Structure formats: C-alpha cells, structure tokens
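Visitor: Sharing a structure below in structure tokens format, with a few things to ask.
The values are calculated or read from the model by the stated rules, or taken from the named source; none is laboratory data. Bear in mind the structure is a predicted one, so any value in this text is a computation, not a measurement. Glycine gets a Cβ as well: all are built from the backbone with ideal geometry, and neighbour counts include every protein chain shown.
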Amino acid sequence: MRTVLRHPAEVEVRFSPLDLSQLSAAAVARQRPKERGGARDKRFGPHTNLKCHAIGLMGELAVSRVVGVPADLAAYIKGDPRGDFVLHGARVEVKTLQGFLVLRDFQMNGAAAYVLIIYEPNRWDAVWIQGWATEVVFARRSFAEDFGHGPCKAMQPRDLYPIGTLAAWCLDVSGQYDTMARQEGVELTYEPEGDQP
C-alpha cells in the first residue's frame, strides 16, 4: 500500500471534554433510529456503528468550526438528505478516514465538494482537516487501491485543495461569489479546478 502524503496546509482541530461528551451523545442519537428502522449496516471495518458515528461526527464538527457553519447533529434513518453541510448553497460531504480520500461509487452522490478529515485510531482529542475535492478532481487525481474490501479509488491528501479555499469556491459555484465580495469589500480567492491544488 502507498504511503499517505498529508496536505502541507492541514488544519488541526482539537476537542475539549465537553465536545467529546456532545459527540458521544450525538453518536448514540444517530444510531438509535437506525436500529429501530432496520437500516442496513454498511461498515467495512472493525468499528462498531457507534464508533463509526463518533468518528464521522468528529470530522463534521471540525469542518463546522473552520468554515463557520453549524454542524447538523440530528439523527436520520438514511443519513442527512441534504448532505453533511450546505455551505453558501453548495452541498458538502465530510469523509473522516485514516489516510486517503476514498470514495466508492455509492458514496459519490453529486455533492459539490468532499472534505477529507484524518483521524488517528484511539485518539479522540484531535483530527486533521486535509482539504477538499470535487468528483471531477477526484476522478482525475485518484488511483486504484485495495484496502482489503475490494478495489476502490483513493486520492492522496496532498492533492486536495486547501480547506481555506472551500468557502470562496462554494460561493462561486452557487453564483454568489461576486455579490458577496462586492458587499464585503473583500477579495475572495480560490484556485479553479486545474491540475494543481
């Protein structure tokens, strides 16, 4: 397997004991309706469903802090119908994983952007935001890999766009970029989808 090359502009987000308590309660709340509703278990690894929810919530909370959009901790039987976030009108999915951005076909659901968060197993006090990509960029920069669950596509964290460019890009794709920039008198910049992040 390839070595994970983390993004040079990764952002570390730390969690307090209060954050961890809220994340734990939210994980329990997310699992409860799934158990009652008979939802299919889609886990690939050895984690319990509760641990999977907690890991995902860590990523969502981290992104919410960095981009300034509240995290949606509500529970849904089939997942959040709007995606993890709506940022300036663009739907954003958060993937909290141990290394590469991995998107299987069923996970590519037309979101405007996918954000990669790296977590370390058995460490609950911090995660590292690596950056983001669109499905088009992911398709162009990904490689085939088998992590023990069948072949899939993966992307190196260093090949993602920096997280600091996500808000401006979402404004642009939703048609609000120029209006917001003029109203705020701020030049918002991002790198358009080219071959270099």
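Visitor: Sort out which residues of segment 9-44 are under 20 Å from the mean Cα position of the chain (by Cα), at pLDDT 85 or above and not in a helix (DSSP H, G or I), and write them in order of number.
Guide: If the condition is that a residue be under 20 Å from the mean Cα position of the chain (by Cα), at pLDDT 85 or above and not in a helix (DSSP H, G or I), then A9, E10, V11, E12, V13, R14, F15 are the ones that fit.
Visitor: Right, something else. It is to be established whether one or more residues within segment 139-150 are in a strand (DSSP E or B), among the small types (G, A, S) and modelled with pLDDT of 95 or more.
Guide: No, segment 139-150 contains no residue that is in a strand (DSSP E or B), among the small types (G, A, S) and modelled with pLDDT of 95 or more.
Visitor: Something else about it: Is it the case, given these coordinates, that W132 is of a type outside the set (V, I, T), surrounded by 14 or more Cβ atoms within 10 Å (Cβ to Cβ) and part of a strand (DSSP E or B)?
Guide: Yes, satisfied.
Visitor: With (1) surrounded by fewer than 13 Cβ atoms within 10 Å (Cβ to Cβ); (2) modelled with pLDDT of 65 or more; (3) closer than 23 Å to L101 by Cα as the list, and V63 as the residue in question, which single condition is left unmet?
Guide: (1)
Visitor: Out of the residues in segment 66-76 meeting the condition of being modelled with pLDDT under 85 and among the aliphatic types (A, V, I, L, M), tell me which one is surrounded by the fewest Cβ atoms within 10 Å (Cβ to Cβ).
Guide: Selected residue: A74.
Visitor: Here is a follow-up. What are the pairs with Cβ atoms under 7 angstrom where one residue, in segment 13-24, is farther than 19 Å from L50 by Cβ and the other, located anywhere, is of a type in the set (F, W, Y) and at pLDDT 90 or above? Sequence gap at least six, or different chains.
Guide: none
Visitor: Can you name every residue in segment 103-124 that is surrounded by 13 or more Cβ atoms within 10 Å (Cβ to Cβ) and over 15 Å from the mean Cα position of the chain (by Cα)?
Guide: The one that is surrounded by 13 or more Cβ atoms within 10 Å (Cβ to Cβ) and over 15 Å from the mean Cα position of the chain (by Cα): W124.
Visitor: Moving to a separate point now. Which pairs do you get when a residue that is within 23 Å of T134 (Cβ to Cβ), found in segment 146-158, comes within reach of a residue that is of a type in the set (D, E, K, R) and in a strand (DSSP E or B), reach meaning Cβ atoms under 7 angstrom, with the pair 6+ apart or on two chains?
Guide: C152/E145; A154/E145
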